[in-house]
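Step one of this worksheet: look at the structure below.
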Amino acid sequence: MYLGLTDLARGFLSGGVSAGNHNALTNSKGGDHYYTRGDITDRGPCPGLNALANQGYLPRNGRNITLPQVEEALITTLHMDKALATAITNPLRSLLRKDGTFDLVLMRQHNVIEHDASFTRLDFREGDNYNFQPILFRKMLDDANGGPVTVSSLARTYVRRNKESRDAGAPALPWNLCASVSIAQFAKPQAFCFKNILQPTIMPILSNWNEEIKFLVPDDKFKTPSSISEVQTVIKDAAQHHEKVRVIGAMHSTTQCMVGNDITISMKNMAEILHVDEDNMTATVQAGVTIHQLCEYLKPRGYQPPVILEYGNFQIGAISGTQANDSSLSDSAQFASFVVGVKLIKADGEMMEISETQHAEHLHAIRSHYGLFGVVCEVTVRIWKTRHLEFSYEMTSLDAFSKDVIGNVDKLRNSYDQAFGLLFQADGKFMIQKRKFVDSDTKSPHPLTNNLEAKAINLYADLVLPLAKATGQLKLPAHQQEWLSTALVDLPLRALSHSTYIINPNDRAIPYRENQPHFDFFDWVFPEENWSAMANAWISLCNTFEAEKNFVLTLPCLVYFLKQDQNMLLSRSRGDDMMAIDPEYEDPTDPKWLEFRLAFSEVARKHGGIPHINKTRDGAIRWFAEACDQNALKMYLEQRKEFDPEGMFVNEFFATMFEGRM
């Protein structure tokens, strides 16, 4: 936390923050201040205030905190005098809402409270600048040379982190935030003699696809096995040293489900297609094979995967056990539902095969494995003979579609195999992409538009997203930004509505480039009967944020159709046919987007929404376990424990998600 010069002056000259709020001091004195780990999505980058919330000196949920509460907690727990407590509290004023409260998550805003060169957090430009990094903490302990952490050792940490930060390209601290530097220098100036001899170790930083989640992994903890036997060696060694293990895929997730503390395994060197069984209509691949790679292999042979996701970078080992989905009216929309077998390495280092004929009682759980059962090395998935898809479009409105959602979906289902929607916030228009399977020799009504689907995906990444980012960077008033967004973003998408074309589905698996514009999504699904009310609530929430916070969603909301699917224990459509409301935003770092997501989650819960474990940042970790099928979840966790009794594969994300249930 920053302590500015003006804050010090205010602290010594004032009598403290106002205690007029009736909730101001309710959590600091008395009560049972036992430790309970709080939900990490409700926490900010300040370890001190997070700890005070974890022990009940501040509201345990990290929300609606007042300045008097913070000041009193500092005085009570850290024995600060009034002046210093007030000085430390004053920087929080800029985060206050109209009612005089703030949430810990709002402290993630850069250069307000959160700052570069943190002892235990990454810098702002490195993406995840608010979550605790165990490796940085370990290096801070190393700075103490095996002894207790002291002012001197912290001074060494300060010098090291400052050098690392500047070497990584971080700018100098704003002038009004430099008091913390001065205080550190005056507190122990002799410690700075270490400056010229410190040689910080540079460790690789792994990041997800939009670079919002980054974490450090030491070279000796990052494993890239090329065989099952090498995976077994890694797991047995980890068990001997009581280390945790996580496996990463393409890291397309926007939640922290892939982040680990100890051993991280990449399957990139196990990326061979092993066998296509034409009699049983299956393909067996190593875990590192991508969906694009599989489609390219199957296409000339006249086959296709049943579910083809729009981004071809997904690795089969990862999506064999997640909620990764397309959109479908007639079949399952989730890739994992078509998995018929895996080979995985359990926590004891032994290989186990789960299939329709071996240990079949675990197959429904394995289709939701999330890396929590072991390291998946091989996957056998159902394949189909290639069925070409004909695309056409219908432009309607939310009002018209909402009058009879069930009836309108049934009409789509009677005539089409798949459907996908774009919902436009500005005017409530609803564009539905309708897809149906046709014979391979069916001629396209417009030959020049063949493969337009692939071109449309590139259009979205290469044109629409850059335009959305450009309009956002202009920082226009909300109504002007909305108008410009309609002209530059909505209209190119709506131009597709006049197209009809036929494609080979294998052509849809387009790999995204690393330099393509980064954006964020926030995927919730709802029972069809609840979708209309939720869609209108989303429009209302968008209007509120536009009016009160000058915040506009410049990208349309995605609408997926998920047929009821009981093939996976953690299927989001296990109990009903579902429809998604999946808002997208072009700037994942915008603090107003965080506020919107939190508000959206509260609305989504009231409408029976289920978040996506991989895609619903802040929402899944907090609400998925509550929202999913409870009997299925109980079965899932019981089976998971059989495979991994000591929790080797459980990271902090899943420990928090399933807290009290495991």
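Tabulated results
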| item | result |
| --- | --- |
| Members of the range 587-622 that are of a type in the set (Val, Ile, Thr), closer than 12 Å to Arg572 by Cβ and in contact with a strand residue (DSSP E or B) (Cβ under 9 Å, 6 or more places away or on another chain) | Ile610, Thr616 |
| Answer from Leu553, Leu541 - the residue that is among the aliphatic types (A, V, I, L, M), part of a helix (DSSP H, G or I) and touching a residue at least 60 places away in the same chain (Cβ under 8 Å) | Leu541 |
| Matching helices (runs of 4 or more DSSP H) fully within the range 11-98 where at least 3 residues are at pLDDT 70 or above, out of contact with any strand residue (DSSP E or B) (no Cβ under 7 Å at 6 or more places or on another chain) and more than 24 Å from Pro591 (Cβ to Cβ) | 67-78, 82-89 |
| Test: residue in the range 365-376 that is at pLDDT 95 or above and assigned to a strand (DSSP E or B) | yes |
| Subset tally (residues that are at pLDDT below 85 and of a type in the set (Gly, Ala, Ser)) for the range 99-123 | 2 |
| Which listed residue, of Val376, Val409, Val381, is surrounded by fewer than 20 Cβ atoms within 10 Å (Cβ to Cβ), β-branched (Val, Ile, Thr) and within 30 Å of the chain's Cα centre (by Cα) | Val409 |
| Among the candidates Arg661, Arg617, Arg640, residue that is farther than 25 Å from Val234 by Cβ, of a type outside the set (Ser, Thr, Tyr) and not assigned by TED's automatic domain parsing to the domain that holds Val559 | Arg661 |
| Condition check for Thr616: part of a loop (DSSP other than H, G, I, E, B), hydroxyl-bearing (Ser, Thr, Tyr) and either within 30 Å of Lys346 (Cα to Cα) or at pLDDT 95 or above (or both) | yes |
| Residues satisfying the stated conditions in the range 277-329, i.e. hydroxyl-bearing (Ser, Thr, Tyr) and assigned to a loop (DSSP other than H, G, I, E, B) | Ser320, Thr322, Ser327, Ser328 |
| Tally of residues being without any contact (Cβ under 8 Å) to a residue 60 or more places away in the chain, part of a helix (DSSP H, G or I) and aromatic (Phe, Trp, Tyr) across the range 619-662 | 2 |
| Residue among Arg617, Arg605 that alone is under 22 Å from Val105 (Cα atoms), basic (Lys, Arg) and buried (at least 20 other Cβ atoms within 10 Å of the Cβ) | Arg617 |
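The values are calculated or read from the model by the stated rules, or taken from the named source; none is laboratory data. Everything numeric in this text was worked out from a predicted model, so none of it was measured. Cβ atoms come from the backbone with ideal geometry, glycine included; neighbour counts cover every protein chain shown.
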